[in-house]
Amino acid sequence: MPPFLASADWVAWIMLGLFLGILLVAASFWLLARRHLALRRNGWDAAGTSRVSESTVALPQCWLAIPGTNTQAIGHALQLSNPKLCPWAEGVAASEEGRIFIAAPVQGWTLVVGAALPTPEEDADLLFHFLVQLSQSLGEVQYFRHQPALSHHAWVHARGGHIVRAYAWAGETLWNQGNPTPAESRLRLRCHPYGSALEELPFTELAALAHNTERVPALAARWGVDPAAHALRARRQPGLLGEWLAARSA
C-alpha cells in the first residue's frame, strides 16, 4: 500500500473519532438541558431544591398547608367572619393585621396565612388544640413557622384529629412529638428533645438552629407544597380574606 494511502486512512480514523466525540458531548448536553427544563417546569433546580426563593416571593412567617380546594369549607372550619375575595398581595398584607387569608387553591393544595395564627412560643397548648380540631374538620393540616432573626422554627402534621409529627423550637424545645419524617432526615434537620434550651447547647449547634429555620420552606415542599412556588401561582386568582373569630375572642 502506498504510504500516502496509509496516512489518509489514519487521518480518516482520527476525523471519525473527533466526529463521534463531538456527537457524544452534544448528546450529553442535550440530555442535561432536557433534565434542567423538566426540573424548572416543576419548580426545582438541579440541586433538588426550590428555584423560587424568598427573594422572589416574600413568605409569611407562619402558614397552614391544607390538601383540598374547597376554600369555603376551610373558611368555615376556621370560623372566618365577613369573608371577601381579594388578590394575594392585598390578602397577605391584611393578614399581618390580624386577619386570615386563604389563598386560591393550586394543584390540590390551599395555603392559609395570618399573623393571628397560634405560634408555639406564645402558647404551644393552644396550637396543639387548634390543629387537632382543624384536622378533625378538614382531615389533614400542615403547620409551618420560621422566624430567621431568632432562629425560631416549627412544623406540625396533623391528620384526623391526631398529631402525626410535630417539632417546635423557640429558644428551647417546646414540642417534639412523633418520629422524624424521612424528609427531615434528608434535609438534615436537627431536633432536640424536651428540656433542651439555648443556653445549654454548645456553640456549634447555633448553625444547626439557623439551618433548621432556613429549611422550613424546603420541608414544606417535601411534605406536600412549596410555599413560594404556590404563592406565585395563587396570586393569579383571588383568595378569601376574613376576620378570625378565634383571634378576636382570645
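In table form, for the structure just shown:
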item	result
HIS230 being buried (at least 19 other Cβ atoms within 10 Å of the Cβ), in a loop (DSSP other than H, G, I, E, B), assigned by TED's automatic domain parsing to the domain that holds PHE128 and not aliphatic (A, V, I, L, M)	no
Options GLU205, GLU140, GLU184, GLU199: the member that is in the same structural domain as ALA77 (by TED's automatic domain parsing), closer than 15 Å to ALA220 by Cβ and surrounded by fewer than 17 Cβ atoms within 10 Å (Cβ to Cβ)	GLU140
Residue check for ARG186: among the charged types (D, E, K, R) and either within 24 Å of PHE130 (Cα to Cα) or touching a Lys or Arg at 6+ places or on another chain (Cβ under 8 Å) (or both)	yes
Candidates GLU121, GLU97 - the one that is assigned to a loop (DSSP other than H, G, I, E, B), over 20 Å from the mean Cα position of the chain (by Cα) and either in the same structural domain as GLY224 (by TED's automatic domain parsing) or surrounded by 23 or more Cβ atoms within 10 Å (Cβ to Cβ) (or both)	GLU97
Candidate set from the range 168-197 (those that are touching a His at 6+ places or on another chain (Cβ under 8 Å) and not in a loop (DSSP other than H, G, I, E, B)); member that is farthest from LEU150 (Cα to Cα)	ASN176
Meets criteria (in contact (Cβ under 8 Å) with a residue 12 or more places away in the chain and out of contact with any helix residue (DSSP H, G or I) (no Cβ under 9 Å at 6 or more places or on another chain)) for ALA197	yes
Test result for ALA183, over 20 Å from VAL112 (Cα atoms), out of contact with any strand residue (DSSP E or B) (no Cβ under 7 Å at 6 or more places or on another chain) and modelled with pLDDT under 95	no
Residue within the range 50-61 that is touching a Lys or Arg at 6+ places or on another chain (Cβ under 7 Å) and among the basic types (Lys, Arg) present	yes
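The values are calculated or read from the model by the stated rules, or taken from the named source; none is laboratory data. A quick note: this is a predicted structure, and the numbers were derived from the prediction, not measured. As a convention, Cβ positions derive from the backbone with ideal geometry for all residues, glycine included, and neighbour counts pool all protein chains shown.
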